Amino acid sequence: MTDPQILLSVRDLSVTFATKRGPVRAVDSLSFDVHRGHTLGIVGESGSGKSVTSMAVLGLHTGAEVTGSISLDGQELVGIPEREFNRLRGRRMAMIFQDPLSSLHPYYTVGEQIAEHHRVHFNSRRSVARKRAVEMLAEVGIPEPERRAGEYPHHFSGGMRQRVMIAMALACEPELLIADEPTTALDVTVQAQILELIARLQEERGLAVVMITHDLGVVARVAHEVLVMYGGRAAEQAPVDTLFASPAHPYTRGLLDSLPRLDDADDVPLRAIPGSPPSLLTPAPGCAFAPRCARAAGASPSDRLRCETERPLLSGPAGHPAACHFPAYEGVAS
Amino acid sequence: MAFPGRRRGTAPVRAVDGISFDVAPGETLGLVGESGCGKSTTGRMIIRLLEPTTGSITFDGRDISHLSQRELKPLRRELQMVFQDPHSSLNPRQTVARIISDPLLVQGSSAADARKRAAELMDLVGLIPEHIDRYPHEFSGGQAQRIGIARSLATNPRLVVADEPVSALDVSVQAQIVNLMEHLQQELGLAYLFIAHDLSVVKRVCERVAVMYLGRIVEIGDKERVYTSPAHPYTRALLSAVPLPDPAAERARERITLLGDPPSPAAPPPGCTFHPRCPKARAVCRTEAPLLRIATAGERREVACHFPEAA
């Protein structure tokens, strides 16, 4: 039953935080698979739950209630003790973050920080780990790696720091790399370099990558499969070409329509999505997107009532499910 | 309005180095570039939050580059600014009424008139005027940016400098603000200096574009020309680095990836400042800084490159 090509399998994942104003379910019944050697793009806006999901996979939510199942190569991660997680984090799965400067320790040289991973996971000698750190710096394209390994994070530019983060993440040859907005803080020419670097390392090592981003352009460039999140839930999942060519969920459709594009020829007004993303403190009883949805607004009163009161479940053709009562599938009028 | 040759440099860092451009009434000029290229410094000089070291800024025929704060006060009516982060640019302890009417009070309006105008402005930018006594934290990011825009319009300015006005907003909200700014421009005849790093947004809102690199303008001209046939190798690389939201187009695309990072403005390379990253740099590029000049005869586009791309 289980496909050996699936490295990470998430089923019915929910993450709930206890807050002063009551419990907030930041991620609600999320399921997805990540294949070896493939990139899953998770797209969403602030508060959509995309980062919370990735932190849950790495077991970084202390104090939050995590339910459901996260399985890495057949091993269940939900509920395992911290000690177990420590053995996996950095070794079999690793993460890079948006802001490399705040993720690196300012008091240690980058060489020491990369070497530390190797020493912890392989119990290797200082000299061996140090050699490995220099190799990794060379591999991620840092010139003069021998010398640079002895420098501190503030000596590096933003793009170079992100390379250091990638070197650190990959030092122990993990199978899964989670990249949370890795290029958002970078300039566009440097972003292109980092995306190319991740793609090259993925190819060479057969890495599975989860690319979390708000930028649909980045998703189009790097992802094989895409998960669109809205209000803590999956709105739509599809292979990248399908998603961009025929989005079934009105939120995905709306996002694509509202983007200004370099390859647009004419200057018709942008079709903006009205309103703002929902608050998770007061979730709507129905579809989280209903208040902003053009399809719901144009529907008959009874259909609209359904959108406003009944939560849509993820359903539809295998490989392209959408959480919408009135999805627009190819060949079906929307 | 014309802003010929300006230079600004605090001690060793020359953040903006001898740039010249002009903005016509009712026009939008886009200023694009990466972090540290001097685009925000330029915007702040235009509205005279900063004073240029050398060069001049002329607004409506009058040199404003070295006016005193007192002399600037009446001009503040005409020159306004919209900032990137809507929440941090609004005082959390003031109501929207106060925030929007502040520029009017400073300019001598009565409190009652200012409040009435604030309500009108809220309506104009798509906010509910009944929310006039609320505080900034009660608004979403997109709504807060509408407040910032309403404040900038309070005194009926003729030029609004918008510094990254949509980049802090959620993707689904950006289009709303872009549409609002376009609508207001048509309605009020505003001129914008639109500063952004997002080339897709700039293409959308501007008639003309200036591309900055390390404190200098490397290419400036009509949007269509700059985007469809960029003459400067940096403009080409910048455009090809922007990911397109279209997987098939992305795969088919010829991409120019620049090496290295933008250099520090504190230690700019000699000659053309772009030469260390330029795929077509030659000997002359390392020694001689290219001047901005007309790229193709009969065109309004200028480029600062020894070997510009043929159009």
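Provide the percentage of antiparallel DSSP beta bridges, counting only those with both residues in chain A; round to the nearest 5. About 60 percent, rounded to the nearest 5. For chain A, the membrane-span-like helix rule (DSSP H, alpha carbon extent of at least 24 Å along the helix axis, mean Kyte-Doolittle at least -0.5) picks out A:188-205; this says nothing about an actual membrane. Volume per residue of the convex hull around the Cα atoms, evaluated for the protein assembly as shown, comes out as 178 Å³. Spatially, the range B:24-95 and the range A:2-24 are offset by 47 Å when compared through their Cα centroids. Using just its DSSP H runs of length 4 or more, each adding -39500 (n - 2.57), the protein assembly as shown gives a mean residue ellipticity at 222 nm of -10000 deg cm²/dmol after division by all residues.
Looking at chain B, the accessible area is 41 square angstrom per residue; that uses a 1.4 Å probe and ignores ligands, DNA and RNA.
The mean of 1/r over all pairs of different alpha-carbon atoms in chain B, once inverted, gives a Kirkwood hydrodynamic radius of 20.6 Å. For the protein assembly as shown, with all protein chains in place and a probe radius of 1.4 Å, 52% of the accessible heavy-atom surface sits on carbon or sulfur.
A straight Cα-to-Cα reach below 27 Å connects A:K131 with none of the lysines, residues fewer than 8 places away in its own chain not being considered. On the basis of the beta-carbon distance and an R0 of 22 Å, A:A245 and A:Q5 show a calculated FRET efficiency of 0.35. Accessible surface area normalised per residue over the range A:5-107 is 45 Å², counting heavy atoms of protein chains with a 1.4 Å rolling probe. Expressed in units of 2.2 N^0.38 Å, where N is the residue count, the Cα radius of gyration of chain A is 1.05. For the peptides A:52-63, B:190-201, the ranking by mean Cβ contacts within 10 Å, running from highest to lowest, is B:190-201, A:52-63.
According to the calculation over all Cα-Cα pairs in the range B:1-149, the P(r) per 10 Å bin from zero is 10, 33, 32, 22, 4, 0 %.
Measuring between alpha carbons in the structure, the pairs from B:K203/B:K280; A:K50/B:K223; A:K20/B:K116 lying more than 31 angstrom apart are A:K50/B:K223; A:K20/B:K116.
When you filter the trypsin sites (Lys or Arg not before Pro) in the range A:1-108 for DSSP loop state and at most 16 other Cβ atoms inside 10 Å of their Cβ, you are left with A:K20, A:R21, A:R36. Its Cα gyration tensor gives the range B:254-311 an equivalent ellipsoid, and the semi-axes of that ellipsoid, as √(5λ) in whole Å with the largest first, are 21, 15, 11.
When chains A and B come together, the accessible area they lose, probed at 1.4 Å and totalled over both chains, is close to 3500 Å². Model label points for A:D303 and A:A199, set 7 angstrom from Cα along the Cα-to-Cβ axis, are 4.0 nm apart.
A Förster radius of 45 Å, combined with the Cβ-Cβ distance separating B:E288 from A:D264, puts the computed FRET efficiency at roughly 0.75.
The values are calculated or read from the model by the stated rules, or taken from the named source; none is laboratory data. This one's a predicted model, so the numbers in the text were calculated from it and none came from an experiment. Here the Cβ is made from the backbone with ideal geometry for all residues, glycine too, and neighbour counts use every protein chain on show. Side chains included, ligands, DNA and RNA excluded: accessible areas come from the protein's heavy atoms. Shrake-Rupley method; radii C 1.70, N 1.55, O 1.52, S 1.80 Å.
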